[in-house]
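Notes for the one structure printed next.
The values are calculated or read from the model by the stated rules, or taken from the named source; none is laboratory data. Just so it is clear, the model here is predicted, and its values are computed rather than measured. Ideal geometry is used to build each Cβ from the backbone, glycine not excepted, and the neighbour counts take in all protein chains shown. When the accessible area is computed, the model is the full protein with side chains, heavy atoms only, and any ligands, DNA or RNA have been set aside. Shrake-Rupley method; radii C 1.70, N 1.55, O 1.52, S 1.80 Å.
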Amino acid sequence: LPSMQTSGSKPCSCPSFKLREVASMYFTMIAVFLVILVVALQGSAPRGSDFPYKVPLDPQGLLELSWNVSYPKQAVHFQLLIRDLQFGLLFGMSDRGEFKNADLAVLWSDGHNSYFGDAWSDAQGQLHMDSQQDYQLLGARRAPEGLYLLFRRAFSTCDPKDYLIEDGTVHLIYGILEKPVHSLQAINISAIHRGLQRVQLLKPNITIPELPSDMKTMEITAPDIVIPSQETTYWCYMAELPHGFPKHHIVMYEPVITAGNEALVHHMEVFQCAAEFDSFPHYNGPCDSKMKPERLNYCRHVLAAWAMGAQAFYYPEEAGLAFGGPGSSRYLRLEVHYHNPLMFKGRRDSSGIRLYYTATLRRHDAGIMELGLVYTPVMAIPPGEGAFVLTGYCTDKCTQLALPTAGIHIFASQLHTHLAGRKVVTVLSRDGQEQQVVNSDGHYSPHFQEIRMLKEVVSVFPGDELITTCTYNTEDRSRATVGGFGILEEMCVNYVHYYPQTQLELCKSAVDPGYLHRYFNLVNRFNDEEVCTCPQVSVTQQFYSVPWNTFNRDVLKSLYSFAPISMHCNKSSAVRFPGEWEKQPLPTITKRLRKPVPHCQPALEPQPAAPFPLDLGELRR
């Protein structure tokens, strides 16, 4: 801008530069910038300790992702190791792992020149360079093990084409370019080798508690089994504690993965069996086998759960999970989910979970409480629904009766639905006002379930309410989906881990059966097709016979939003606490939490949609 002078002001005294001096300074700055850039791109690979979280992206382990999370800077730093670079790859995020409407970082090569850029795909899967380059390349280096790419991405960018990184599950997608491409637009997504991996990117920043000096370890692992050459296997193995094993506290656990199988072991759980049985049969085989003894279905009490990408799980210093001793079963069931899409044959595996435990009992026993909906067919989802919502309640009446005056403290949570589940959230409410989110997953997947430590402990007091809401998609189904234990039936559960342990083990609800009966009568009255409401016809069959027009769908939604509920305020013995629990009113919410607004600085002007050139040499197949 031209300088402006008012009357009487002194002229600006500025140093004058000759054109040659200005040009020399300019080119010196450019040279310094290029030196810095070359050092950044060709320097040593970042230390592994800088990236505490790691997961294989593909079943062969050719792509390995490591990352760290900076909450002060609201950003994730990624390190991607490509063990066998061909002509590039795509890496990114999308709502549920689709390659349409995806947010992508792309490395591509025409065989001579290589480029990196932030891109997005449209509804047809066509790639476009993003006008706002938010995947920021920080480094690239070849090493004996492969090519390292280091890049950064803010949680939120204010770019409508970008994925918002938030708490919960993130569906990461990848694609491998096996042929040279001359431009980003020339990449045909449908023709490349691709896949997805689910992770929790935003890990909580938790201080690791001090561990006891007398801590011992116990490994519950598969006994050198041969992984079946099929895409999905759930393997069950029965283990048992020594006779007379006294009460201990589990204070930590971590995965034990057989070397070379990191990309095949998807998730694992250790369950304790019901104490009501004196013994359980030994078993080592597929969980869905007809040879599996029926009694193993009574091994459902979760002691530990791990999913790919998770680290060690720590209990708070004040509490430990009790196992062993009187009233505790000696029998444990390990369940390992193997994901083997390439049908590898002959792979042997001894993966499992290592428990860290102590005989020096901590101040509190940790407990596990079930929140959400009762497993009953009265809660149903019509077919063809894109986002049908069901809500389960843990009411003030139940917490007032069952919780200690000083309250309980929730430190971890495991969300659970079956195949139609898409979102799950539990909110704490007090005096009709929502206080805070206990746990939320807006991109929930039933194929990725783990116990997650919370960012902050949530305290729940007598008279509080815990409200769990699940969102379902049944667009691929032709008849109603009812609640129940079957995989094609549905659940809505949050297993919260808390201390001190109380007698309250289950705090869940379902719609009052009498009001549902009125619904079926109403459907009969307003529809030509007969819905049998005879006593001998099950609720499931009645739902199957409903003609799912707009009226019947809307009335069911309305019923679930106002009808009284049947409360299950249960002790560990499955007996309800004393009180009247039928036809209870729905909790009244007068003030809801504000939806969080993403924090980001939008770009003042769109940046040129230009790729970043990389010197990786000539690439050959």
ask   = Quick check: is even one residue across the range 106-123 surrounded by fewer than 18 Cβ atoms within 10 Å (Cβ to Cβ), in contact (Cβ under 8 Å) with a residue 12 or more places away in the chain and under 14 Å from Ile189 (Cα atoms)?
value = yes
ask   = Which condition breaks for Gly327 when tested against (1) in contact with a Pro (Cβ under 9 Å, 6 or more places away or on another chain); (2) open to solvent by 50 Å² or more (accessible area, probe 1.4 Å)?
value = (1)
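Restricting the range 158-196 to residues that are basic (Lys, Arg) and under 30 Å from Asn340 (Cβ atoms), which is most open to solvent (accessible area, probe 1.4 Å)?
Of everything passing the filter in the range 158-196, Lys179 is most open to solvent (accessible area, probe 1.4 Å).
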ask   = Of all residues in the range 413-426 being part of a strand (DSSP E or B) and open to solvent by 20 Å² or more (accessible area, probe 1.4 Å), which is farthest from Leu593 (Cα to Cα)?
value = His416
ask   = Checking Gly346 against (1) open to solvent by 10 Å² or more (accessible area, probe 1.4 Å); (2) in contact with a Pro (Cβ under 6 Å, 6 or more places away or on another chain); (3) over 20 Å from Lys54 (Cα atoms), which test does it fail?
value = (2)
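Residue under question is Ala102, and the condition is that it be in the same structural domain as Ser183 (by the TED database), touching a Ser or Thr at 6+ places or on another chain (Cβ under 9 Å) and surrounded by 20 or more Cβ atoms within 10 Å (Cβ to Cβ); does it hold? Don't jump to the end; show me each part of the working.
Details: in the same structural domain as Ser183 (by the TED database): yes; touching a Ser or Thr at 6+ places or on another chain (Cβ under 9 Å): yes; surrounded by 20 or more Cβ atoms within 10 Å (Cβ to Cβ): yes.
Spelling it out, Ala102 is indeed in the same structural domain as Ser183 (by the TED database), touching a Ser or Thr at 6+ places or on another chain (Cβ under 9 Å) and surrounded by 20 or more Cβ atoms within 10 Å (Cβ to Cβ).
Name the residue that is nearest to the chain's Cα centre (by Cα), counting only residues in the range 468-488 that are under 26 Å from His409 (Cα atoms) and crowded, with 23+ Cβ neighbours inside 10 Å.
Kept after step one, since they are under 26 Å from His409 (Cα atoms), are these residues of the range 468-488: 468-470.
Checking which are crowded, with 23+ Cβ neighbours inside 10 Å leaves us with 468, 470.
Details: Thr468: 16, Cys470: 14 Å.
Here the answer is Cys470.
Looking only at the range 567-583, which residues are in contact with a helix residue (DSSP H, G or I) (Cβ under 7 Å, 6 or more places away or on another chain) and assigned to a strand (DSSP E or B)? Please lay out each step first, then the result.
Filtering the range 567-583 for residues in contact with a helix residue (DSSP H, G or I) (Cβ under 7 Å, 6 or more places away or on another chain) gives 567, 569, 577, 579.
Residues satisfying the conditions are Met567, Cys569.
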key: Extreme residue, modelled with the highest pLDDT, among residues of the range 600-616 that are open to solvent by less than 60 Å² (accessible area, probe 1.4 Å) and not aliphatic (A, V, I, L, M)   = Pro611
request  = For the range 124-131, state whether one or more residues are assigned to a strand (DSSP E or B), modelled with pLDDT of 95 or more and closer than 15 Å to Leu614 by Cβ.
outcome  = no
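Report whether or not Phe155 is surrounded by 13 or more Cβ atoms within 10 Å (Cβ to Cβ) and closer than 24 Å to Leu616 by Cα. Break it down stepwise before answering.
Details: surrounded by 13 or more Cβ atoms within 10 Å (Cβ to Cβ): yes; closer than 24 Å to Leu616 by Cα: no.
Judged against the criteria, Phe155 is not a match.
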ask   = If you check every pair at least six apart or on different chains, which have Cβ atoms under 7 Å apart with a residue in the range 75-98 that is in the same structural domain as Pro144 (by the TED database) first and a residue that is surrounded by fewer than 19 Cβ atoms within 10 Å (Cβ to Cβ) and of a type in the set (Phe, Trp, Tyr) second?
value = Gln79/Phe51
request  = Kindly indicate whether any position in the range 551-560 is in the same structural domain as Ala406 (by the TED database), in contact with a Pro (Cβ under 6 Å, 6 or more places away or on another chain) and loosely packed, with under 15 Cβ neighbours inside 10 Å.
outcome  = no
ask   = Tell me, which strands (runs of 3 or more DSSP E) wholly within the range 352-403 include 1 or more residues that are under 30 Å from Cys236 (Cα atoms), modelled with pLDDT of 95 or more and open to solvent by 40 Å² or more (accessible area, probe 1.4 Å)?
value = 352-358
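Does the range 175-192 include one or more residues that are in the same structural domain as Tyr115 (by the TED database) and acidic (Asp, Glu)? Lay out the reasoning, then the answer.
Step one: of the range 175-192, the residues in the same structural domain as Tyr115 (by the TED database) are 175-192.
Subsequent filtering for residues that are acidic (Asp, Glu) retains 178.
Yes: one or more hits.
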key: Residues of the range 233-258 classified as at pLDDT 95 or above, in contact with an Asp or Glu (Cβ under 9 Å, 6 or more places away or on another chain) and part of a strand (DSSP E or B), total   = 6
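Do you know which residues across the range 180-208 are in a loop (DSSP other than H, G, I, E, B) and either of a type in the set (Asp, Glu) or modelled with pLDDT of 90 or more (or both)? Give the derivation first.
Step one: list which residues in the range 180-208 are in a loop (DSSP other than H, G, I, E, B), which gives 180-183, 187-188, 192, 200-208.
If the condition is that a residue be in a loop (DSSP other than H, G, I, E, B) and either of a type in the set (Asp, Glu) or modelled with pLDDT of 90 or more (or both), then Pro180, Val181, His182, Ser183, Ile187, Asn188, Ile192, Gln200, Leu201, Leu202, Lys203, Pro204 are the ones that fit.
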task = Being in contact (Cβ under 8 Å) with a residue 24 or more places away in the chain, closer than 20 Å to Ser328 by Cα, open to solvent by 100 Å² or more (accessible area, probe 1.4 Å) and part of a loop (DSSP other than H, G, I, E, B) is the filter here, so list the residues in the range 278-301 that pass it.
result = His282, Arg300
query = Can you tell me which residues in the range 235-264 are of a type in the set (Phe, Trp, Tyr) and over 27 Å from the mean Cα position of the chain (by Cα)?
reply = Phe245
request  = Only residues that are acidic (Asp, Glu) and either within 12 Å of the chain's Cα centre (by Cα) or buried (at least 18 other Cβ atoms within 10 Å of the Cβ) (or both): list them for the range 443-467, please.
outcome  = Glu450, Asp464, Glu465
task = For residues that are acidic (Asp, Glu) and closer than 29 Å to Glu318 by Cα, scanning just the range 234-275, find the one that is surrounded by the fewest Cβ atoms within 10 Å (Cβ to Cβ).
result = Glu240
